[in-house]
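Contents: one structure, followed by commentary.
The values are calculated or read from the model by the stated rules, or taken from the named source; none is laboratory data. Computed from a prediction, not measured in an experiment: that's the story for all the values here. Cβ placement follows ideal geometry from the backbone for every residue including glycine, while neighbour counts extend to all protein chains displayed.
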Amino acid sequence: MPSIVKPAARHPSLQRNELGLTIRDYEGSMSTLCAGCGHDSITAALVRALWEVSMPPHMLAKMSGIGCSSKTPAYFVSGAHGFNSAHGRMPAITTGAAAANRAMTYVGISGDGDSLSIGIGHLCHAIRRNVKMLYLIENNGVYGLTKGQFSASADIGSKSKKGEPNRMQPIDPVLLGLSLGATFVARGFSGDKEQLVPIFKAALRHRGFALVDVISPCVTFNDHSGSTKSYLNTRKRGIRATEADFVMPQQEILTNIADEGVTSVAMHDGSILRFRVVPEGYDPSDRERVLSYLLEQQQAGHIVTGILFLDENVPDMHEANNTTQMPLTQVPYAKLCPGAAELARLQEAFQ
Amino acid sequence: MRTRVNDFAIKLANVNGTGSASANGLLMQAIFRMGIPVSGKNLFPSNIQGLPTWYEIRVNKDGYTARALDYDLMVAMNAQTYARDIQEVRSGGYVLYDSSWPLERSLHREDVSFLPVPLARLCNEQFEGARERVLLKNIAYSGVLVALLDADMQIVEELLAETFASKKSLHDANRRALHIGIDYAREHFECPLPFRLEKTDANAGKILIDGNTATALGCLYAGATVAAWYPITPATSVMDAFRGFCEKYRRDPETGANNCCIIQAEDELAAIGMVIGAGWMGARAFTSTAGPGISLMNELLGLAYYGEIPAVVIDVQRVGPSTGMPTRTQQGDLLECAYASHGDTKHILLLPANPAECFEFAVNAFDLAERFQTPVLMLSDLDIGMNDWVVPQLEWDDAYTPDRGRVLGEDALRGLSVFQRFTNEDENAVAARTLPGVNSNGAYMLRGSGHNKYGGYTEQPHEYQEVVDRLLAKHRAAARFVPPPEIVRMTDARIGVITTGGCDAAVREALDVLGGQGLAADYLRIRAFPFAKIVADFIEEHEYCFVVEQNRDAQLRSLLLLETSAPKEKLISVLVYGGFPLSAAQVVQGVTEKLGVVSAVHR
């Protein structure tokens with residue numbers, strides 16, 4: 001992952017967030033992905049979301065596995081620690097990091113190969129544990145770095161660059177997440193930054209594991225006419241289930257009169273997610289109906305986007321463990337070691 | 001007949017899952033409290049209920065407590081295995097069996113004495129309920145043994161009272177069962193037998209503890225806060241014990257919240273991943289596993305090695321390859337652990353010999369992992385981990401502070417313009433690291449892919465080599481910080497004996513036996529890898545060295561050949577790897593046989 005440092009010059013008129021930082025402060029090194037790669041658009045949306053929520057850079061941990069998507073942590077927030085780990089193991093490594101320090105914000109970036117094949121077990125179990133993190137799958141249906149093999153998310157009938165159709169059932173991370181009890185499930189499209197930014201902001205504030213699947217066309221291997229994950233097909237087949245806006249806890253809701261059809265959900269940290277559902281009767285708090293709606297739309301070849309499901313009432317890993325509020329990395333050693341006298345006393349049981 | 005005091009071995013043959021473990025443990029503990037050197041070896045099957053299981057108790061006034069192979073008394077409680085159990089008793093020994101059913105004539109031996117006790121019948125007369133009868137039969141044979149071996153009644157009564165302190169009805173039933181056995185033995189046999197117990201004071205300042213419990217205590221005292229694991233025999237009890245200690249010592253007295261996070265992972269890939277994530281974040285984290293888990297962890301051990309992340313792995317070795325024999329002991333993971341993962345990797349190994357060292361080395365493991373920013377693997381084995389050993393009481397120095405190694409904190413980072421992760425190394429080739437959540441100036445991308453000393457991605461040969469060469473220097477430097485070998489020298493010994501881990505007791509007993517036969521040999525026990533320089537010196541100083549270990553492929557010998565300049569012909573293997581704890585007799589036999597071959601060559 002060769003990285004090219006960007007010039008540090010800043011335009012003085014750039015807008016600043018609550019921390020006094022400009023959006024440029026949330027950038028990283030230059031991307032080395034292909035020109036037009038969907039991943040770079042996603043990075044741009046993430047940069048904006050992190051800037052808008054005023055994330056302190058040093059409190060962010062950027063986690064990834066292996067693959068094109070996993071390179072992207074180098075391309076945003078260079079003031080944050082990043083860990084480009086091993087193929088598929090990012091959820092496990094992030095779980096351990098989160099166990100050690102619950103004060104950090106974790107953004108895990110993965111791809112369809114990383115998450116739906118080699119690391120699918122770890123993804124499933126991170127969902128089950130409700131590890132508090134934004135888990136982003138940059139989903140393009142192919143293995144790019146190894147030159148265009150189908151991934152597990154390739155749709156039946158979708159064609160490779162050479163024209164061979166995929167014949168196996170795809171694994172849809174959204175359906176997978178919903179069936180495993182994921183507490184925040186969203187889908188976006190790299191070509192729709194306007195929709196992605198509020199999804200990311202809400203995901204960053206979610207109480208537990210926020211699964212965000214983003215269709216991100218691979219311009220080199222999977223953007224042709226036979227592909228179901230091309231820019232064209234995604235634009236043509238996309239349906240919005242919800243349109244969301246996100247209000248920070250400190251911010252005043254300026255529009256006093258709620259827009260017609262707008263629903264507000266209080267996030268665990270006090271921020272407010274406001275959203276409007278697009279299809280009539282869609283309810284992102286009803287897991288069963290969301291699942292059946294998504295299955296219907298999938299049969300019809302549609303790609304449903306937006307915040308698809310949300311439940312702020314499920315405790316995250318630390319709440320379930322009743323872990324102390326202080327990050328474990330900061331608990332003083334004196335509190336951890338029972339000491340010599342106690343060692344002598346407890347050994348009475350071994351006499 | 002001459003009476004032997006505090007010098008005999010008994011073997012108890014039982015059916016797994018019938019409650020014999022508590023009866024056998026009671027006997028073992030009673031002997032320990034009588035102040036007599038004792039060991040207990042549980043030879044159990046990979047099974048929940050129904051298969052044969054054995055327990056061996058060796059009592060030895062001189063402190064030789066390695067496994068005996070010579071049984072004075074067989075407590076034959078499993079009809080399935082009568083034939084082999086009765087054959088194993090030494091000539092002149094005794095067989096205690098349940099005479100509620102007749103013993104087949106073909107099983108009789110003229111040279112042993114049979115002690116028939118109608119245990120099932122006695123228990124059926126006295127107790128209601130099938131389960132109770134089965135369980136109490138074990139206590140009844142313990143009663144017979146108490147009488148036959150002259151165990152201290154008061155101590156046995158005290159132990160029963162402690163065990164059932166909160167369950168009076170159970171206490172009464174157990175006492176009755178015990179006395180059924182005692183009374184029957186005193187009525188029908190000449191008690192005690194020609195070998196018996198006698199109170200002494202060899203166990204002052206000692207405890208009876210298994211290695212896994214001691215390991216868990218070490219992790220607790222070292223300040224580990226994150227533990228991730230996947231259930232596996234024989235390592236599970238490490239985490240069970242750690243969890244138990246955390247429930248007691250890691251609950252915040254004010255809030256009731258936990259100062260720890262223990263995660264049962266989905267597999268060992270995840271378990272080590274979690275440990276690495278926590279170590280990268282700055283917590284002391286560990287996992288416990290066995291060989292099959294190490295196989296899975298290989299991938300990420302390489303990441304931790306190359307990414308220079310502290311991690312502690314407890315490997316309680318069992319018999320491989322593959323699933324192997326999960327409830328049998330071996331030292332078969334040495335090479336796998338020393339070089340775990342693809343590419344050039346070398347790890348720090350700690351090799352405890354007993355539960356006391358498990359405690360001590362577990363603490364060392366965390367200090368070394370942070371000091372050298374690398375995985376440290378502590379290899380015990382099933383024998384050390386799951387059997388109760390008599391060891392000196394564990395001690396703790398309240399002046400201890402964790403060695404966190406080179407970490408740049410907030411103060412160092414505040415004014416720093418550029419942080420370069422893998423350079424400016426100290427005399428031990430260790431570069432300073434930074435932890436997330438402290439200061440943006442310390443931020444960097446950690447990667448398992450090729451990187452240069454500044455932490456940047458590279459595919460340049462010299463940049464790559466610079467980093468991995470420093471990693472090698474770091475591993476070499478660790479040799480000065482790991483526990484040094486234990487060396488016992490005789491006068492004018494030309495031969496050396498090298499061993500490691502749980503072979504210690506058997507090898508030292510064997511050296512005394514061989515010494516009595518006129519063969520003086522110096523002793524060296526390897527306690528860590530990389531090897532301290534004195535290991536190579538020891539080999540150099542001796543004409544040849546026997547290397548005693550519990551695996552087929554002479555893994556310790558291979559490691560010595562690879563990592564020292566010792567010539568192949570100087571290291572002669574004695575290998576015992578069937579899966580049971582080592583016995584001195586096996587070492588004496590192995591050395592004697594090889595000695596014949598060596599002498600012939602040297603002549």
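For segment A:48-139, which strands (runs of 3 or more DSSP E) that fit wholly inside it have 3 or more residues that are over 27 Å from B:PHE419 (Cα atoms)? Give the steps one after another, and end with the answer.
Working: elements: A:60-64, A:81-84, A:105-111, A:133-139.
Strands (runs of 3 or more DSSP E) meeting the threshold: A:133-139.
Looking only at strands (runs of 3 or more DSSP E) that fall completely inside segment B:492-574, which ones have 2 or more residues that are within 22 Å of B:ILE314 (Cα to Cα)?
Answer list for segment B:492-574: B:495-500, B:521-526.
Please note which helices (runs of 4 or more DSSP H) are completely contained in segment B:333-437 and include at least 1 residues that are touching a residue at least 40 places away in the same chain (Cβ under 8 Å) and of a type in the set (A, V, I, L, M, F, W, C).
Hits in segment B:333-437: B:334-338, B:355-372, B:382-386.
Among the residues of segment B:297-332 satisfying the criterion of being part of a strand (DSSP E or B) and of a type outside the set (Gly, Ala, Ser), which is surrounded by the most Cβ atoms within 10 Å (Cβ to Cβ)? Reasoning before the result, please.
Pass one, segment B:297-332, residues part of a strand (DSSP E or B): B:311-317, B:319, B:325.
Retained after the next criterion (residues that are of a type outside the set (Gly, Ala, Ser)): B:312-317, B:319, B:325.
Working: B:VAL312: 29, B:VAL313: 28, B:ILE314: 33, B:ASP315: 26, B:VAL316: 31, B:GLN317: 29, B:VAL319: 25, B:MET325: 16.
Taking the candidates together, the pick is B:ILE314.
If a residue has to be facing chain B (nearest Cβ under 9 Å), crowded, with 24+ Cβ neighbours inside 10 Å and touching a Ser or Thr at 6+ places or on another chain (Cβ under 7 Å) to count, how many in segment A:62-82 make the cut?
Residues that pass the stated criteria total 3.
Of the residues B:ASP315, B:ASP383, only one is farther than 30 Å from B:GLN465 by Cβ, touching a Pro at 6+ places or on another chain (Cβ under 8 Å) and of a type in the set (Asp, Glu); which?
Values: B:ASP315 fails: touching a Pro at 6+ places or on another chain (Cβ under 8 Å).
When all the criteria are applied, what remains is B:ASP383.
Of all residues in segment B:432-486 being more than 14 Å from chain A (Cβ to nearest Cβ) and of a type in the set (Asp, Glu), which is farthest from B:ASP411 (Cα to Cα)?
Checked segment B:432-486; the qualifying residue farthest from B:ASP411 (Cα to Cα) is B:GLU486.
Scanning for something under 23 Å from B:ALA304 (Cβ atoms), without any contact (Cβ under 8 Å) to a residue 12 or more places away in the chain, surrounded by 24 or more Cβ atoms within 10 Å (Cβ to Cβ) and within 13 Å of chain B (Cβ to nearest Cβ), does segment A:91-102 turn up at least one residue?
Residues of segment A:91-102 under 23 Å from B:ALA304 (Cβ atoms): A:91-102.
Now drop any that are not without any contact (Cβ under 8 Å) to a residue 12 or more places away in the chain, which leaves A:96.
Applying the additional criterion that residues be surrounded by 24 or more Cβ atoms within 10 Å (Cβ to Cβ) yields A:96.
Subsequent filtering for residues that are within 13 Å of chain B (Cβ to nearest Cβ) retains A:96.
Among the residues of segment A:91-102, at least one is under 23 Å from B:ALA304 (Cβ atoms), without any contact (Cβ under 8 Å) to a residue 12 or more places away in the chain, surrounded by 24 or more Cβ atoms within 10 Å (Cβ to Cβ) and within 13 Å of chain B (Cβ to nearest Cβ), which makes the answer yes.
Given the options A:GLU312, A:GLU319, name the one that is under 19 Å from the mean Cα position of the chain (by Cα), within 30 Å of B:GLY282 (Cα to Cα) and not aliphatic (A, V, I, L, M).
On the way: A:GLU319 fails: under 19 Å from the mean Cα position of the chain (by Cα).
Just a single option satisfies the conditions, and that option is A:GLU312.
Which ones in segment B:232-265 are out of contact with any Phe, Trp or Tyr (no Cβ under 6 Å at 6 or more places or on another chain), surrounded by 19 or more Cβ atoms within 10 Å (Cβ to Cβ), assigned to a loop (DSSP other than H, G, I, E, B) and within 11 Å of chain A (Cβ to nearest Cβ)?
Once the filter is applied, which keeps residues that are out of contact with any Phe, Trp or Tyr (no Cβ under 6 Å at 6 or more places or on another chain), surrounded by 19 or more Cβ atoms within 10 Å (Cβ to Cβ), assigned to a loop (DSSP other than H, G, I, E, B) and within 11 Å of chain A (Cβ to nearest Cβ), segment B:232-265 yields B:ARG250, B:ASN259, B:CYS260.
Output the residues belonging to segment B:123-145 that are surrounded by 20 or more Cβ atoms within 10 Å (Cβ to Cβ) and among the aliphatic types (A, V, I, L, M).
Scanning segment B:123-145 gives B:LEU135, B:LEU136, B:ILE139, B:ALA140, B:VAL144, B:LEU145.
Listed here are the residues, each with its yes/no results for (1) assigned by TED's automatic domain parsing to the domain that holds B:LEU368; (2) out of contact with any strand residue (DSSP E or B) (no Cβ under 9 Å at 6 or more places or on another chain); (3) more than 21 Å from B:GLY502 (Cα to Cα).
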position	(1), (2), (3)
B:GLY518	no, yes, yes
B:PHE531	no, yes, no
B:GLU540	no, yes, yes
B:ASP553	no, no, no
B:GLU563	no, no, yes
B:LEU582	no, no, no
B:GLN586	no, no, no
B:GLY590	no, no, no
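Being hydrophobic (A, V, I, L, M, F, W, C), in contact with a Leu (Cβ under 6 Å, 6 or more places away or on another chain), under 23 Å from B:ALA285 (Cβ atoms) and within 8 Å of chain A (Cβ to nearest Cβ), is that true of even one residue in segment B:395-403?
yes
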